[in-house]
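Here's the structure we're looking at; comments come further down.
No value in this document is a laboratory result; all are computed from the given coordinates. A quick note: this is a predicted structure, and the numbers were derived from the prediction, not measured. Glycine gets a Cβ as well: all are built from the backbone with ideal geometry, and neighbour counts include every protein chain shown.
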Amino acid sequence: MSVRQAVAWCNRGGSISAEPRINERIRVPEVRLVGPSGEQVGIVPLAKALELAQEYDLDLVEVAANARPPVCKLMDYGKFKYESAMKAREARKNQAHTVIKEMKLRPKIDPHDYDTKKGHVVRFLKQGDKVKITIMFRGREQSRPELGYRLLQRLAEDVQDLGFVESNPKQDGRNMIMVLGPHKKKTEAMAEAREAQAARKAERLGGAPVSAQDDDEASADLSADTPVDMPAENPEA
C-alpha cells in the first residue's frame with residue numbers, strides 16, 4: 001500500500017486490521033500522521049505524534065504499517081473497536097443466505113402429488129430460496145425425456161409470478177434438472193415474513209401495538225421457519 005493509498009484509506013474511515021500497534025507499542029523514529037478528522041498533519045517524529053495524542057486525549061494508532069514511514073491516526077481506539085463490533089453484529093443480524101432447496105418429481109406424477117409438490121416450490125420461492133427441480137426417470141421412462149421437459153415447463157409456468165428459470169432443463173444421467181430462482185431477494189422475503197408475523201401477533205393481542213419484545217420473538221420465529229443450515233427438502237414422488 002502506497003502512502004497516498006494509506007492516507008485515502010484513513011480518510012474513508014477504513015477498517016483496522018486485528019490488533020494494530022498503538023501508542024508506545026509503535027517502534028519507529030517517525031510517522032505520517034493523520035488527524036482526528038482525517039486531516040493530513042504530515043511526517044512528524046514519533047515523540048511529537050505521541051505528544052499530540054496525549055494533548056487531544058486520544059490514541060496514536062498505526063493504520064498502515066507497511067507504508068514508509070508508517071501511517072498513524074489519532075483516534076479514540078476503544079470507541080472505534082466498540083463501534084466496529086456493533087456494526088459487525090448488525091451486519092450478521094441482517095445477513096441472509098440464499099438456500100438451494102430440492103424437489104424431486106416423476107415424469108408421470110399424479111395430479112394431487114403435483115399440486116402438493118408445487119405448493120412446496122411456491123413456499124420456497126416466497127422465502128427467497130432457489131429450487132432445484134429434479135425429474136427422475138426409471139426404466140423405459142428414460143427413452144421419453146420429453147415427458148420430463150414438458151413437466152418442468154409446466155411447473156415453471158405455474159410459478160412464474162414468484163420465480164424464473166435460472167438454469168434451463170438439462171439431462172444428467174437418469175435425471176433431468178432445472179433450477180428456479182426467486183424474484184424476491186432473501187432479505188426482502190425475510191422482511192415481509194417479519195411484518196406478517198408481527199401483524200398476526202398484533203391481531204392475537206386484540207389489535208394492541210406490537211412491543212419490541214414481540215418483534216424480537218417474531219424474528220426468532222422467522223429464523224426457525226427458514227433455517228439456512230438445514231439440508232434441502234427432498235420429498236419423493
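Please give the FRET efficiency for E141 paired with A85, using the beta carbon to beta carbon distance and R0 = 35 Å, rounded to the nearest 0.05. Provide the component values of the computation, followed by the final result.
Values: r = 57 Å, r/R0 = 1.62.
Result of the calculation: an efficiency of 0.05.
Tally Lys and Arg at +1 and Asp and Glu at -1 over the other residues with C-beta under 14 Å from the C-beta of Y77: what net charge comes out?
Values: positive: R21, R25, K73, K79, K81; negative: E19, E24, D57, D59, E62, D76, E83.
Result for the neighbourhood of Y77: -2.
Estimated at 0.36 nm per residue, the fully extended path between E24 and H183 surpasses their Cα-Cα distance by 51.8 nm.
Put the Cα centre of the stretch 109-130 next to the Cα centre of the stretch 149-188 and the gap is 11 Å.
Whole-Hz Karplus values for the stretch 157-166 come out as 5, 5, 10, 5, 6, 10, x, 9, 7, 7 Hz, taken residue by residue from phi with 6.51 cos²θ - 1.76 cosθ + 1.60 and θ = phi - 60°; glycine and proline positions read x. Note on K81: lysines with a C-alpha under 20 Å away, same-chain residues under 8 apart excluded, are K73, K93. Calculated FRET efficiency, A191 to D158, Cβ-Cβ distance, R0 = 22 Å: about 0.30 to the nearest 0.05.
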